[in-house]
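The values are calculated or read from the model by the stated rules, or taken from the named source; none is laboratory data. Everything numeric in this text was worked out from a predicted model, so none of it was measured. Virtual Cβ from ideal backbone geometry, glycine too; neighbours counted across all protein chains shown. What goes into the accessible areas is simple: the full protein's heavy atoms, side chains included, and nothing from ligands, DNA or RNA. Shrake-Rupley method; radii C 1.70, N 1.55, O 1.52, S 1.80 Å.
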Amino acid sequence: MSGTVGDFLVLMGGSDGAAVAQRLADPKAWAPWPGVSAEVRHEVPAPGVHVWLRGDVRLAASGDVGGLGVAIEPNGTQPAGADVRSATLQAWLRDQQWSADRLRGRFSYVFWDARARRLLACTDAFRSCTLYYAHTPAGLAIASDLRLLVRAGLVAPKVSAKAVYHYLNFSYVPAPFSAIEGALKLPPGHCLESLGGQVSLRKYWDARYPSDIEGTDTQKAEGLRDKMVDTLSHYGSATTEGWGTFLSGGTDSSSIASMLSRNRTVPVNSFSIGFEEEGYDELPYSRIASQAFGLKAHERRVGEKDAVAIIPRLVQAYDEPFGNSSAIPTFYCAELAASHGVNVLVGGDGGDEIFGGNERYRKDQIFERYYRAPGLVRGLGSLAAKSLSGVDSRFANRVKNFVNRGSMPNPDRFYSDDSFASDHFDGLLSEGFRASLQRDDSLDVQRAIFKEADADADLHRLMYLDLKMTIADNDVVKVVRASKLAGVQVVFPYLDRDLIDYTGRLPASDKVRGLEKRFLFKMATQEILPEEIRKKKKQGFGLPVSVWMRRGGAFHDMVHDVVLSDKAIGRGYCEPGFVKGLIDRHERGAWDHASEIYMLLMLELWHREYIDPHVA
């Protein structure tokens with residue numbers, strides 16, 4: 001495993017690159033990653049091909065043919081001493097062919113053949129190494145960071161209205177959209193090919209759900225356990241120097257720590273974050289895990305002042321607006337690791353989405369029962385909701401929410417978890433902003449992915465949808481960017497393609513059986529996890545933003561100063577009266593709007609960082 005990877009921009013076309021070179025020579029045009037050299041290199045490896053690099057980016061070229069790449073491969077994947085990036089680049093130089101078959105970790109590559117006017121760009125199965133692309137007057141541009149396209153002058157700093165709408169629903173901008181008009185993100189598991197000026201996309205890998213593994217529950221649990229242990233064998237190290245694990249005390253991070261610590265004479269480093277607020281602190285569970293597995297545990301608590309202090313730097317870490325507040329504890333956990341000499345962490349992301357652990361899957365089973373209930377039952381539910389239509393209390397709102405969501409089919413029902421802007425389309429959004437949108441624009445994104453799933457069971461379609469969006473667009477982006485800001489890289493064993501292929505062969509009832517989540521996983525980990533952790537309620541890496549917003553203090557003041565500022569109102573996205581009412585409803589406890597308010601906060605701060613300096 002390697003340390004912090006760098007960034008790059010590739011421009012292929014007729015431009016001499018002089019104007020771009022002048023703009024990108026300024027280190028301030030690049031992301032502020034610690035441990036990355038400030039030196040900006042400009043190479044012209046072939047006629048019509050310009051490359052700008054900073055930090056750990058591997059470049060190889062021979063005549064008209066060449067390529068570059070970043071990669072983080074887990075230890076044990078390749079023979080000792082193997083250089084994955086160099087081997088991949090040399091194979092392209094030799095054959096002008098690329099394959100992901102031997103690549104197990106995170107990567108992005110850009111290859112070119114100047115004589116054939118061919119360019120190939122590829123990113124890993126979950127887009128953990130993002131690639132943006134844009135057709136510009138200077139040529140086709142491929143960049144590892146959106147700000148490079150803007151600061152190079154290749155695309156104008158014009159915000160995409162549709163991207164903002166998606167953000168206000170999902171809390172992130174989903175692929176292939178980007179926050180800037182004229183730029184797109186390469187979707188996960190895809191390659192882009194430009195040949196003679198014509199661009200096409202090709203999917204080289206996808207999650208599938210043949211559900212063809214048969215046998216007793218015990219047999220399947222043993223098979224899953226063996227597959228998990230085998231997968232984790234590629235993600236450890238012979239020593240503990242330079243690497244460790246996130247440890248929240250949940251089932252995913254704990255199971256990974258357990259398997260990585262097996263048969264080791266030196267304890268595995270683990271890093272955990274806690275909070276003072278009741279209901280958010282998982283340190284008691286992470287301590288159970290660290291004691292059970294003999295880990296070398298490190299922990300710290302994050303408070304309100306810590307959150308307020310790091311938010312401006314987090315805005316710089318995400319080149320698009322990003323509204324997942326758990327990026328804050330993720331950063332502090334990675335920073336804790338960095339302070340102990342660790343530059344690679346093993347993360348547990350993906351476990352919910354392949355083993356069936358997401359609470360939304362269990363809730364959906366309940367909603368589905370209501371959806372398929374006799375008309376009399378659904379009629380009584382509608383009457384109850386209607387009778388509470390004028391009541392704005394937490395209980396009344398929960399009843400109305402249940403009846404509304406239970407009356408929808410999937411994926412519309414599943415989307416209703418992430419539908420803030422579409423739910424309040426007319427009230428939240430200004431008339432001018434609405435004019436360029438359709439209410440179902442974001443829902444249509446999920447409908448298309450749901451339809452694309454190669455699966456028979458609804459649960460598997462929802463898990464597929466989560467892999468594409470909750471994982472690739474949200475969780476992976478959150479962990480990678482927040483950790484990179486601390487100078488730490490992350491690998492994700494539960495997003496290993498071989499493991500996902502295997503779990504796709506397990507029937508949906510092995511993931512959620514009745515209302516029991518992670519049915520087979522719990523059987524498979526009986527000897528891996530302590531009972532207290534296997535049975536604990538999921539908390540994740542949540543942040544007590546809701547509490548901080550209600551009780552006053554630094555976070556409350558930041559929200560009011562930024563979200564209700566003249567600048568934010570002047571963007572023209574939202575009706576100020578609606579936003580004020582939203583904050584008021586949250587502060588008096590009628591509903592928890594913390595996630596929506598945090599989204600609005602980060603959207604405004606993103607504009608101030610990325611847009612305002614270019615349009616002043």
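Note on region 391-537: with charges restricted to the Cβ of Lys and Arg (+1) and Asp and Glu (-1), its dipole about the Cα centre is near 560 debye. Charges were assigned to the Cβ only: +1 to each Lys and Arg, -1 to each Asp and Glu. The resulting dipole of region 95-224 about its Cα centre is roughly 640 debye. How many angstrom lie between the C-alpha centres of region 275-335 and region 124-174? About 28 Å separates the Cα centre of region 275-335 from the one of region 124-174. In the context of the full set of protein chains, region 200-323 has a per residue accessible area of 44 Å² (1.4 Å probe). If you sort the three axes of the alpha carbon gyration tensor as a ≥ b ≥ c, you get a/c of 1.5 or more for region 147-190 and a/b no higher than b/c, which makes it oblate. Using R0 = 22 Å, the C-beta based FRET efficiency linking R41 and L195 works out to 0.20. Using only the C-alpha atoms, the convex hull of region 289-337 corresponds to 94 Å³ per residue. Alpha-carbon geometry of region 457-563: the Rg and the Dmax are 18.4, 51 Å, given in that order. For region 1-69, the residue among V20, P32, P47 whose Cα projects farthest onto the positive side of the dipole built from Cβ charges is P32. Rg of the Cα atoms in the chain, relative to 2.2 N^0.38 Å, amounts to 0.96. Suppose R0 equals 41 Å. What FRET efficiency, 1/(1 + (r/R0)^6) with r the Cβ-Cβ distance, do D557 and E516 give to the nearest 0.05? After rounding, the FRET efficiency stands at 0.40. When +1 charges are put on Lys and Arg Cβ atoms and -1 charges on Asp and Glu Cβ atoms, the dipole computed for the chain relative to its Cα centre reaches about 460 debye. For region 93-176, the fraction of 1.4 Å probe accessible surface lying on carbon and sulfur atoms is 46 percent.
Label region 115-165 by shape, choosing from rounded, prolate and oblate, from the square roots a ≥ b ≥ c of the eigenvalues of the Cα gyration tensor; if a/c is under 1.5 it is rounded, and otherwise prolate applies when a/b is larger than b/c, oblate when it is not. The shape class here is oblate.
Please compute the length gained on full extension between V266 and K535, using 0.36 nm multiplied by the number of residues separating them and subtracting their Cα-Cα distance. The span from V266 to K535 would gain 94.0 nm if fully extended. Ligands, DNA and RNA left out, the 1.4 Å accessible surface of region 267-375 is 47% carbon and sulfur atoms. For the pair D444 and D26, a Förster radius of 51 Å applied to the C-beta separation gives a FRET efficiency near 0.80, rounded to the nearest 0.05. Compared with the direct C-alpha span, the chain from D423 to E181 gains 84.6 nm at full extension, assuming 0.36 nm per residue. Rolling a 1.4 Å probe across the protein heavy atoms gives region 384-533 an accessible surface of 38 Å² per residue. Which of the three applies to region 1-118, rounded, prolate or oblate, going by the alpha-carbon gyration tensor with a ≥ b ≥ c and a/c under 1.5 meaning rounded? Oblate. For the chain, the cysteines with no partner cysteine C-beta closer than 4.7 Å are C129, C333, C574.
Tell me the mean residue ellipticity at 222 nm calculated for the chain from its helices only (DSSP H runs of n ≥ 4, each -39500 (n - 2.57), averaged over every residue, nearest 500). About -12000 deg cm²/dmol. Think of the chain as having a plus end and a minus end, set by charges on the Cβ of Lys, Arg, Asp and Glu; of G215, L506, H586, G215 sits farthest toward the positive end of this dipole. Between K162 and Q97, full extension at 0.36 nm per residue minus the direct alpha carbon distance yields a gain of 19.8 nm.
The residues packed around V164, meaning those with a beta-carbon under 13 Å from its beta-carbon, carry a net charge of 0 if Lys and Arg are +1 and Asp and Glu are -1.
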